[in-house]
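What follows is a single structure, written as structure tokens, with notes after it.
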Amino acid sequence: MKNNVNWGRVALIAIPFLWLFFLFLLPFGSVIKMSLSDMATARPPYTPVFNSEEGIIGLWTLISEFDLENYLLLTEDELYWRSYFSSLKIATLSTIFTLLIGFPIAYGMAKTPSQWRATLVMLIILPFWTSFLIRVYAWIGILKQEGLLNNALIYFGIIDQPLVILNTDIAVYIGIVYSYLPFMVLPLYATLEKIDYSLLEAALDLGCSQFKTFWVIVVPLALPGIIAGCFLVFIPAMGEFVIPDLLGGSSTLMIGKTLWGEFFNNRDWPVSSAVAVILLMLLIVPIVLFQKMQEKELKEQGQ
Amino acid sequence: MFSSATYKKTLIASAVASAFFFANAQGADRTVNVYNWSDYIDESIIADFEKETGIKVNYDVFDSNELLETKMLTGASGYDIVTPSGAFLKRQIKAGIFQKLDKSKLTNLGNAWDQIQKVTSAYDPDNAYSINYMWGTTGIGYSKEKVEERIENPPVDSYSLLFDPANAAKLADCGIYVLDAPTETIPAALQYLGLDPNSKDKDDIKKAAEVFNKVKPFIRKFHSSEFISALANGDACLALAWSGDILQARDRASEADNGVTVGYRIPKEGAQVWFDQMAIPSDAKNVEEAHLFLNYVLRPEVIAKATNYINYANGNLASQKFIDKSVLEDPAIYPTDKVMSNLFTHTADGPKYTRHLNRTWTRIKTGQ
């Protein structure tokens, strides 16, 4: 009885591993493989291609033809690190803005009488019923020179010359903050809702100021939600392509656009794969570091 | 009672029904999968072809050469006919993506316009792999009122409207758009400078880049489709773009009757001419049906119908007598012989050239 393997349990645990293997590790492996190949005018447009008829020898010739040339190219041209850096900046600032706007919304939702909360959550999710692309496109109509915003501001006499917002970095920030706000609000709301608000009353009774109560009690308790929300916004914003393409100017540099150019304009699948691999590495490293930090904290709390 | 007349009727009815059934069953077996540019055909052509041949057409659309190329390079696209543009076709033929046409099956090929065939053979030698569907130019689209308001006697038939910083500066506030496609824009700047538009020389390309750098502050955006609606509703007053798209903006503006008049001119310095070519992928499953479709499209009255509907010139000389006068005599669609002799094609390619061109273009756009 003791040594019997619980196969049901194994199968259940295996599902997420199989999922990750087939839908993450395997595709990622093929991207890495492509990033080590060379460009070719052929179908598929890279070489070497694995020839299954040659078996192990074929695999060996395949591996022996791999090189790091594409990664070297990324270091030779400053375009790539500038794109990474620009994406990093845009993603970081957008995440901060999203947090600043999302936190009061989530906090307000958590403080509303419970019979209203389901409706409010519904309202946060509602925009997802319309295509993401159409919602971003709608911002063109709002932000353009003869658009809704400028017309309204001129009508009320606030400005007399239309503001140039569309096709600038500001429009990109607006687009990202707007699109990813629900991803910040929902995890924040989930943690804020669970906070025992009698702790706040206790703090206030003991003479703590409103502001300090918020910083000392609410923020630390909401930290898991803040972190989850920030990751959910930061990671997709880093690789964002559609928003800078539609709302940004021609000079908006982002790694998603650079990768698109490598893939579609230069038709260089190997170099664009190398860009993607580096992007993933840059995203994984902070996530892993953060998780290590959290594990350490959990252990300390446990002691 | 069973009268012989009723019996006969029943027999005929069942015979007709079964004939119809078999015809249908046979038709259901035969399909052709066509992948063409969006808004690029009169849909009745497809219906007529289906009715005449019993072959079902699965008609699917794309909106960029890059998208088409990626599908082709990945393979097993499932399409039997695709429509890449000249330079893309040339490279894709080299990559082994297409099969040679069986010209014995294209009995209507004699209707093709030899002048166009001569030019397209620069991309597809002997036109062995493709037939021309439509062609057009890359030139200057402008909003008449807004440009005339800002510049006296604007040189709308010259690249200098865009490339002369004095002109561009005056038009900056009403919106200048330029195609985000270096294979269109760099050759235009080279032509403006009087250099070879197909030059691969790095110094020449650098000179073309300098032309753009001087007017860059006045350009609102480099984008390959946003200018259509921007021109039509008055958010833009100048665009270096494809003829067909600008003519579409022209029609939209006149339909909207919003006080915007969009014009299209082929620059007198000489403009690039582009060709959309129909070809059969090497892994196509319905090769026979694909040839039947191509042969159908080569019929003068059929392709004329498409031209009348979408306002693009086609490569079918015999079709011209079926084309509406307003289309055939519009020099923006069918240029005069004098303008025709000044058009050029862009055939320079190769991965190194492409990378250099795109890198130059990124530097122009971003300053990086």
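The values are calculated or read from the model by the stated rules, or taken from the named source; none is laboratory data. Worth saying up front: this structure is predicted, and the values here are computed from it rather than measured. No Cβ is skipped: glycine too gets one built from the backbone with ideal geometry, and neighbour counts run over all protein chains shown. Heavy atoms of the whole protein, side chains included, go into the accessibility calculation; ligands, DNA and RNA do not. Shrake-Rupley method; radii C 1.70, N 1.55, O 1.52, S 1.80 Å.
Taking 7 Å steps out from each Cα toward its Cβ at A:LEU100 and B:ARG30 produces label points 6.8 nm apart.
Cβ-Cβ distance of B:MET340 and B:ASN111, R₀ of 22 Å, FRET efficiency by 1/(1 + (r/R0)^6): the value works out to about 0.70. Where in the stretch A:165-194 does the amide nitrogen come within less than 15 Å of the point 7 Å from the Cα of A:ILE235, taken along Cα to Cβ? Once the point is set 7 Å along Cα→Cβ of A:ILE235, A:183-184, A:187 turn out to lie under 15 Å by backbone N, inside the stretch A:165-194. Listed by chain and number, the lysines placed with their C-alpha closer than 23 angstrom to that of B:LYS202 are B:LYS90, B:LYS214, B:LYS216, B:LYS352, B:LYS365; residues fewer than eight positions away on the same chain are left out.
Solvent-accessible surface of chain A, averaged per residue with a 1.4 angstrom probe and all protein chains in place: 59 square angstrom. From the Cα gyration tensor of the stretch B:278-352, with a ≥ b ≥ c the square roots of its eigenvalues, which class applies: rounded if a/c is under 1.5, or else prolate if a/b is larger than b/c, or else oblate? Because a/c hits 1.5 or more and a/b fails to exceed b/c, the stretch B:278-352 counts as oblate. Rounded to the nearest 0.05, the FRET efficiency derived from the C-beta distance between A:MET122 and B:ARG363 at R0 = 51 Å is 0.60. In the protein assembly as shown, the portion of solvent-accessible area held by carbon and sulfur atoms comes to 62 percent [1.4 Å probe, whole percent, DNA, RNA and ligands not counted]. Under the rule a/c < 1.5 gives rounded, and otherwise a/b versus b/c splits prolate from oblate, where does chain A land using the Cα gyration tensor? Verdict is oblate for chain A. Projecting the Cα atoms of B:ALA208, B:PHE227, B:ALA253 onto the charge dipole of the stretch B:208-253 (Cβ charges, centred on the Cα centre) puts B:ALA208 farthest toward the positive pole. Here B:LYS51 is the anchor, and the lysines within straight C-alpha reach of less than 23 Å, apart from those fewer than 8 places off in the same chain, are B:LYS105, B:LYS285, B:LYS305. Spin-label pair B:LYS352-A:LEU133: with each label point 7 Å from Cα along the Cα-Cβ axis, the two points sit 3.9 nm from one another. Cα centroid separation, the stretch B:50-84 to the stretch B:283-343: 19 Å.
For a quick check of your reading of the filter: which chymotrypsin sites (Phe, Trp or Tyr not before Pro) in the stretch B:110-190 sit in a DSSP loop and have no more than 12 other Cβ atoms within 10 Å? Mind dumping the intermediate values first?
On the way: sites: B:TRP113, B:TYR123, B:TYR129, B:TYR133, B:TRP135, B:TYR142, B:TYR159, B:PHE163, B:TYR177; in loops: B:TRP113, B:TYR123, B:TYR129, B:TYR159.
Here no loop site has a sparse enough neighbourhood.
Of the GluC sites (Glu not before Pro) found in the stretch A:49-95, the ones in coil according to DSSP and having at most 15 other Cβ atoms within 10 Å of their Cβ are A:GLU65.
Model label sites at B:GLU255 and A:ASP196, defined 7 Å from Cα along the beta-carbon direction, differ in position by 6.5 nm.
Rounded to the nearest 100 Å², what is the buried accessible area between A and B, both sides summed, probe 1.4 Å? Mind dumping the intermediate values first?
Working: alone 19390 and 17480 Å², together 34080 Å².
The buried area between A and B, both sides summed, comes to about 2800 Å².
Taking a span of 24 Å or more along the helix axis (Cα atoms) and a mean Kyte-Doolittle hydropathy of at least 0.5 as the rule, the DSSP H helices of chain A that qualify are A:78-111, A:169-194, A:219-238, A:269-302. If you filter the stretch B:148-214 for trypsin sites (Lys or Arg not before Pro), then keep DSSP loop positions with at most 16 other Cβ within 10 Å, what is left? Answer in residue order: B:LYS200. In this structure, A:SER30 and B:LYS103 have a Cβ-Cβ separation that, at R0 = 35 Å, corresponds to a calculated FRET efficiency of about 0.30. The separation of the stretch B:185-213 from the stretch A:240-277, counted between C-alpha centres, amounts to 24 Å.
What longest region of chain A stays clear of chymotrypsin sites (Phe, Trp or Tyr not before Pro) that DSSP places outside H, G, I, E and B and that have at most 13 other Cβ atoms within 10 Å?
Numbers: sites that count: A:PHE50, A:PHE156, A:TYR197.
The longest such stretch corresponds to A:198-303.
In sequence order, the stretch B:108-116 has phi-based couplings of 8, 5, x, 7, 5, 8, 4, 5, 6 Hz under the Karplus curve 6.51 cos²θ - 1.76 cosθ + 1.60, θ = phi - 60°, and Gly or Pro positions carry x. Just which residues of the stretch B:80-102 lose 30 Å² or more accessible area with every protein chain there, against their chain alone, with the probe set to 1.4 Å? The answer is B:ARG91, B:ALA95 - residues whose exposure falls by at least 30 Å² when every protein chain is included. Give me the count of lysine pairs in the stretch A:69-302 whose alpha carbons sit under 22 angstrom apart, restricted to pairs 8 or more positions apart or on different chains. Value for the stretch A:69-302: 5.
What does the net charge come to around B:ALA169 if you take all other residues with beta carbon closer than 14 Å to its beta carbon, with K and R at +1 and D and E at -1?
Details: positive: B:ARG150, B:LYS170, B:LYS214, B:LYS216, B:ARG220; negative: B:ASP164, B:ASP173.
Charge balance in the 14 Å sphere: +3.
What separates the Cα centres of the stretch B:28-42 and the stretch A:165-219 is a distance of 53 Å.
Please sort through the DSSP H helices of chain B and keep those with an alpha-carbon extent of at least 18 Å along the long axis and a Kyte-Doolittle average not below 0.0.
Details: long enough: B:4-29 (37 Å, 0.44); B:202-215 (20 Å, -0.74); B:243-256 (20 Å, -0.81); B:351-366 (22 Å, -1.64).
In chain B, the long hydrophobic H runs are B:4-29.
Adding -39500 (n - 2.57) for every DSSP H run of four residues or longer, then dividing by how many residues chain A holds, sets the calculated 222 nm ellipticity at -22500 deg cm²/dmol. Hydrodynamic estimate: the Kirkwood radius of the protein assembly as shown over Cα pairs, inserted into Stokes-Einstein at 25 °C and 0.890 mPa s, corresponds to D of 84 µm²/s. Where both bridge residues fall in the protein assembly as shown, DSSP classifies roughly 60% of the beta bridges as antiparallel. Dividing the radius of gyration of the alpha carbons in the stretch A:1-136 by their Kirkwood radius gives 1.16 for Rg/Rh.
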